[in-house]
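Colleague: First the structure, then my questions, so here it is.
What follows draws every value from the coordinates through simple rules; no lab data is involved. Everything numeric in this text was worked out from a predicted model, so none of it was measured. Using ideal geometry, Cβ is built from the backbone for each residue, glycine included, and neighbour counts are taken over all protein chains shown.
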Amino acid sequence: MKRWKCGVCGYVHTGDSAPERCPVCGAPMSKFTEVKEEGMSLSEYINAQINGEAWEVTHYMAAGLLADELGYANVAETLKSIAQEEAYHGANYVFRSNELGDNKEALVEFVKKMIDAEIGAHKMKSEGASLALAEGKDEIAAFFKISAEDEARHSKMWKWALKELEK
């Protein structure tokens, strides 16, 4: 049996040929490449799972938003619930693989990185808002602005967490 890897989400399929569509992200067969090596390492499997779960979270949540907008509140809540479970799966792969480390010092270093990342995300989203406004795309500009404000708030929350860890 051959193994085929989705170039979009990292899903690995075993079979004589790649599937018509990726069962995780829906990518077409053309996005699959044959895995030539003997097998993936545990680290590669873990990273594929994390990437797949992250893709699922964002897309399931988006489907929930669409269902909400179309007036299917119960469907929306179900899809959002599935997204939360997928986020939990991804978080556990990160946690259980010790990607973040396994001690307070590692956690402190991670928190410091996240402060910088959130500040950078705020800047990028603010720039995206300006660009969207310049192109007359007011709705996405408004969402860029909202999410930029969220990122600024997140950086403050990470800073609070750092102070708590440094006590």
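Colleague: Let me check I've understood the local charge: for ALA91, count other residues with C-beta under 11 angstrom from its C-beta, Lys and Arg +1, Asp and Glu -1. What total comes out? Let's see the in-between values first.
Modeller: Details: positive: ARG96; negative: GLU53, GLU85, GLU86, GLU99.
Around ALA91, the surrounding residues sum to -3.
Colleague: In nanometres, what is the gap between the two model label sites at ALA73 and LYS36, each 7 Å from Cα along Cα-to-Cβ?
Modeller: Once both label points are built, they end up 5.6 nm from each other.
Colleague: Oh, and also: Once both labels are modelled 7 Å past Cα along the beta-carbon direction, what's the ARG153-LYS80 spacing in nm?
Modeller: Reported label-point gap for ARG153 and LYS80 is 1.5 nm.
Colleague: Taking Cα centroids, how far is region 6-24 from region 93-159 in Å?
Modeller: Each part reduced to its Cα centre gives a spacing of 31 Å.
Colleague: Give, in nm to one decimal, the length gained when the segment between GLU135 and LYS123 is fully stretched (0.36 nm per residue of separation minus the Cα-Cα distance). Write out the running numbers ahead of the final one.
Modeller: Numbers: separation 12, 0.36 × 12 = 4.32 nm, distance 1.86 nm.
Length gained between GLU135 and LYS123: 2.5 nm.
Colleague: Within region 85-147, how many Lys pairs sit with Cα atoms under 21 Å apart, leaving out pairs fewer than 8 places apart on the same chain?
Modeller: 11
Colleague: Now, a different point. Could you tell me which of VAL57, ILE82, ALA152 has its Cα farthest along the dipole of region 54-167 towards the positive end, charges placed at Cβ (Lys, Arg +1; Asp, Glu -1), taken about the Cα centre?
Modeller: Of the listed residues, the answer is ALA152.
Colleague: Tell me the mean residue ellipticity at 222 nm calculated for the chain from its helices only (DSSP H runs of n ≥ 4, each -39500 (n - 2.57), averaged over every residue, nearest 500). Before the final figure, lay out each step's value.
Modeller: Values: 4 runs with 111 residues, N = 167.
Dividing the helical sum by the residues of the chain leaves -24000 deg cm²/dmol.
Colleague: Compute, for the chain, the length of the dipole vector about the Cα centre, with Cβ point charges of +1 (Lys, Arg) and -1 (Asp, Glu) only. Units Debye, rounded to 20.
Modeller: Details: 20 positive and 28 negative charges, 60 e Å.
That gives the chain a dipole magnitude of about 280 debye.
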